[in-house]
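Remarks on the structure that follows.
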Amino acid sequence: MTGLADFDFKPIKSAVTAFFGCWALQQISGITVRNPLTVVFFVVLFWMALVQDKIRPYLISISAAYGIGMTFMLRNRITAGFDSKLFKLMSIVIVLCGMVCTCYILVGFAISVFSGQKRNDALQLVRKMFLDTKSSFTGTRVVLIIASLCFACWFPYFLYEYPGIMTADSLVQYAEFFGVEPVSNHHPIVHTLLIKFFCDIATLFHKDHQIGIALYTLFQMIFMAICCGVLVTHIRARKLQILATMFYALVPFNGVFVVTVWKDIIFAGITMLLLCCVIDLRESYSKGCSDEGECSDNRTTLIWFTFAVLGILFALFRSNAWYAFIVWTPFLLITFKKDIKRATCAALIVLVSVFIIKGPVMRNAGVAQPDMVESLAVPVQQTARMLVDDRHLEPKDQELIDKVIDTTYIKELYAPDFADNIKELVRAGHPEEIENNKSEYFRMYLRMNASNPGESIKAWYDLNGGYINPDVSYRVGDMDGIMGNEFGLFWDPKIGGKIVVKLREIGMKLGDFVPLYGLLWSIGTYTWLLVIATGICIYKRQGILCKLLLLMQVGTLVIAAPMVDFRYGYSIVMTMPLWLLYYLGKETEYGTAD
């Protein structure tokens, strides 16, 4: 008999008890849910629970007594961080359950070890959880089903945030094609024109731009839902495909972001399709190329053409992506050296096209490029930190600084985690001094960092440390509606009421309350997962081309981002199920665990 009768529930039971034990330890120790130590708690407890040989009913009573006693003793500490009586009660219940689970796991593990009955198949039990005896879901129909599920889960966010969430950046883009702001590629002009396109469609039907923004938001939702469907069908195990679909459809920040008028969302979708295209090329390359390097099938040519189109969009929708793509191109050519002609042709199409579009085309169209100051967020922030903390500077360096900015109010303007204030101070001064004397200011920057290395690192960490440290606090997806503006755009929710508002509030706050799950709300988590996954692939001699492109994106954020913002790394978040699960799924396909 197959099915549930043969299914081993032990790993699931162990995971649940370990999770509550981890949650209790997190609450008692006072660390945040995004602290990597929570992963250590969970992994250790999970392993101890797995290796126990059998359930011991008498331990349940002992553990219950221990849990009640510990919870009573620590009740004041547990509830100290909450004002709400409901959250205080929830914390007590969580710690009580967690202490019972922890005691049961620890004592049961000790008994199993000392009695010599410890199980040695813990790893196999975990691998069996993801073992599939059938091939993965594939095909256009599956893509549409997954896309429909995602869209259905996101649609309430659209109704609540109608016509879409617009922050200051969104309104600047709107103002550009409205004629209020000069047209610039600071926010990608292709994205600005895309918003304008849907507003123009509304105008054709004698509707206002409120409808146009709603049409754009619906387009973005459909596009992202299809991207999710395409990516999920590239995962090689059904159970992992289901987990990935749940991540896209149910995690609240995805619902908020897909209805937000930001370039970062469309860019994330383009990145998802681009990585899937690279995987398709690798599959085609491994199956269709001979040892002599002949890869002549039409399907591969079509994939390379798709890659070129996606590469152009990838480079146009974010400035840092353009630089990442340039550095990544040699690795692309090395990987596809047996198909070097088409690989080189596709790469050249991307590089030349983007160079022409960002250069002559935009220049002739009057589209201004981002100024030099925009790329100097980290250096100007580090320099400002030296002044704010009254670090000793050589007279010639102070003179160079005074030529650029007025330092009178720099202590009031400086914010450790936000570089825009200092960037605007530079723009208000004489940024042309830096432009005309790049080498001189670069040497000044090196001297300052060499003489105050600790201060320089602190300034960088306060600004961008969140990209490598998961335990940095910042809000994710806490936007609502449309900011006040002079264009007549306004938030017009189609659903509301206390229940809807409360459900949304709870959904967004769970990321700050639930351990392990809370790590999903930190871009630093994805950075480390990406680094670890890359290291494992190198060790196993598996492909890392997709991961390299994402690592280069992380690199651009670490050295040039003006602040830590989850949306800046959203492309890494949305591609995570692919680069994290692809090889795992491939290993477990068709019932083989090796």
For this session: Taking the options 219, 247, 155, 151, name whichever one is within 30 Å of residue 366 (Cβ to Cβ), out of contact with any His (no Cβ under 8 Å at 6 or more places or on another chain) and aromatic (Phe, Trp, Tyr).
Result: 219
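Residue-wise test of (1) of a type outside the set (A, V, I, L, M); (2) touching a Gly at 6+ places or on another chain (Cβ under 6 Å); (3) at negative phi.
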site: 497; (1), (2), (3): yes, no, no
site: 504; (1), (2), (3): yes, no, yes
site: 516; (1), (2), (3): no, no, no
site: 519; (1), (2), (3): no, no, yes
site: 522; (1), (2), (3): yes, no, yes
site: 527; (1), (2), (3): yes, no, yes
site: 530; (1), (2), (3): no, no, yes
site: 536; (1), (2), (3): no, no, yes
Exercise. Taking interchain pairs and intrachain pairs at least six residues apart, which have beta carbon atoms under 7 angstrom, with the first residue in segment 69-95 and closer than 19 Å to residue 510 by Cβ and the second charged (D, E, K, R) and assigned to a helix (DSSP H, G or I)?
Worked result: 79/88; 82/88; 92/75
For this session: State which residue pairs qualify: first residue touching a residue at least 12 places away in the same chain (Cβ under 8 Å) and inside segment 422-433, second residue polar (S, T, N, Q) and surrounded by 13 or more Cβ atoms within 10 Å (Cβ to Cβ) in any location, beta carbons under 6 Å apart, and separation of 6 or more residues or different chains.
Result: 422/381
For this session: Considering each of 395, 370 in turn, give the residue that is of a type outside the set (A, V, I, L, M), surrounded by fewer than 18 Cβ atoms within 10 Å (Cβ to Cβ) and in contact with a strand residue (DSSP E or B) (Cβ under 9 Å, 6 or more places away or on another chain).
Result: 370
For this session: Of the numbered conditions (1) closer than 27 Å to residue 138 by Cα; (2) part of a helix (DSSP H, G or I); (3) modelled with pLDDT under 95, residue 270 fails exactly one; give the number of that condition.
Result: (3)
Exercise. From the list 405, 410, 401, 349, which one is assigned by TED's automatic domain parsing to the domain that holds residue 179 and either touching a helix residue (DSSP H, G or I) at 6+ places or on another chain (Cβ under 6 Å) or hydrophobic (A, V, I, L, M, F, W, C) (or both)?
Worked result: 349
For this session: Scan segment 434-458 for residues that are touching a residue at least 12 places away in the same chain (Cβ under 8 Å) and basic (Lys, Arg) and jot them down.
Result: 447, 458
Problem set entry | residue 220, sole failed condition from (1) polar (S, T, N, Q); (2) buried (at least 24 other Cβ atoms within 10 Å of the Cβ); (3) farther than 28 Å from residue 359 by Cα | (3)
Exercise. Just to be sure, is residue 385 in contact (Cβ under 8 Å) with a residue 60 or more places away in the chain and crowded, with 16+ Cβ neighbours inside 10 Å?
Worked result: yes
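For every residue, the table says whether it meets (1) more than 30 Å from residue 398 (Cα to Cα); (2) not hydrophobic (A, V, I, L, M, F, W, C); (3) not in a loop (DSSP other than H, G, I, E, B).
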position: 457; (1), (2), (3): no, no, yes
position: 470; (1), (2), (3): yes, yes, no
position: 502; (1), (2), (3): yes, yes, yes
position: 525; (1), (2), (3): yes, yes, yes
position: 529; (1), (2), (3): yes, no, yes
position: 552; (1), (2), (3): yes, no, yes
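So that you can scan it fast, the table gives a plain yes or no per residue for (1) under 28 Å from residue 526 (Cβ atoms); (2) acidic (Asp, Glu); (3) free of Cβ contacts under 8 Å to residues at least 60 places away in the same chain:
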position	(1), (2), (3)
36	yes, no, no
45	yes, no, no
58	no, no, yes
62	no, no, yes
104	no, no, no
111	no, no, yes
117	no, no, no
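Can you work out which of the residues in segment 456-492 that are of a type in the set (Gly, Ala, Ser) and surrounded by 14 or more Cβ atoms within 10 Å (Cβ to Cβ) is farthest from residue 261 (Cα to Cα)?
456
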Exercise. Could you say whether any residue in segment 147-155 is part of a loop (DSSP other than H, G, I, E, B) and surrounded by fewer than 19 Cβ atoms within 10 Å (Cβ to Cβ)?
Worked result: no
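Can you tell which of 243, 281, 231 is at pLDDT 95 or above, within 21 Å of residue 579 (Cβ to Cβ) and either among the small types (Gly, Ala, Ser) or assigned to a helix (DSSP H, G or I) (or both)?
One residue alone meets the criteria, 231.
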Exercise. From the residues in segment 321-351 that are in contact (Cβ under 8 Å) with a residue 60 or more places away in the chain and buried (at least 17 other Cβ atoms within 10 Å of the Cβ), which one is farthest from residue 550 (Cα to Cα)?
Worked result: 335
Exercise. Picking from 433, 424, which residue would you name as being closer than 20 Å to residue 373 by Cβ and either touching a Pro at 6+ places or on another chain (Cβ under 6 Å) or surrounded by fewer than 16 Cβ atoms within 10 Å (Cβ to Cβ) (or both)?
Worked result: 424
Seminar exercise, completed: Among the residues of segment 130-189, the number that are over 25 Å from residue 321 (Cβ atoms) and under 23 Å from the mean Cα position of the chain (by Cα) is 11
Problem set entry | Complete set of residues in segment 159-176 that are touching a Ser or Thr at 6+ places or on another chain (Cβ under 6 Å) and not in a loop (DSSP other than H, G, I, E, B) | 165, 173, 176
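In segment 35-62, which residues are over 39 Å from the mean Cα position of the chain (by Cα) and of a type outside the set (Val, Ile, Thr)? Please lay out each step first, then the result.
First, the residues of segment 35-62 that are over 39 Å from the mean Cα position of the chain (by Cα): 53-62.
Selection gives 53, 54, 56, 57, 58, 59, 61.
So in segment 81-98, with the set limited to residues that are β-branched (Val, Ile, Thr) and either touching a Ser or Thr at 6+ places or on another chain (Cβ under 9 Å) or loosely packed, with under 14 Cβ neighbours inside 10 Å (or both), which one is nearest to residue 17 (Cα to Cα)? It would help to see each step written out before you state the result.
So the first thing to find is which residues in segment 81-98 are β-branched (Val, Ile, Thr), and the list is 92-95.
Filter once more, keeping what is either touching a Ser or Thr at 6+ places or on another chain (Cβ under 9 Å) or loosely packed, with under 14 Cβ neighbours inside 10 Å (or both): 92-93, 95.
Details: 92: 16, 93: 14, 95: 12 Å.
Per the stated criteria, the residue is 95.
Within segment 438-449, is even one residue among the hydrophobic types (A, V, I, L, M, F, W, C), in contact with an Asp or Glu (Cβ under 8 Å, 6 or more places away or on another chain) and surrounded by 13 or more Cβ atoms within 10 Å (Cβ to Cβ)?
Step one: filter segment 438-449 for residues among the hydrophobic types (A, V, I, L, M, F, W, C), giving 442, 444, 446, 448.
Going one step further and asking which of them are in contact with an Asp or Glu (Cβ under 8 Å, 6 or more places away or on another chain), we end up with 444, 448.
Next, only the ones that are surrounded by 13 or more Cβ atoms within 10 Å (Cβ to Cβ) stay: 444, 448.
Yes, segment 438-449 contains a residue that is among the hydrophobic types (A, V, I, L, M, F, W, C), in contact with an Asp or Glu (Cβ under 8 Å, 6 or more places away or on another chain) and surrounded by 13 or more Cβ atoms within 10 Å (Cβ to Cβ).
The values are calculated or read from the model by the stated rules, or taken from the named source; none is laboratory data. Nothing here was measured: the structure is a model prediction, and the numbers come from that model. All Cβ positions, glycine included, derive from the backbone under ideal geometry; neighbour counts span all protein chains shown.
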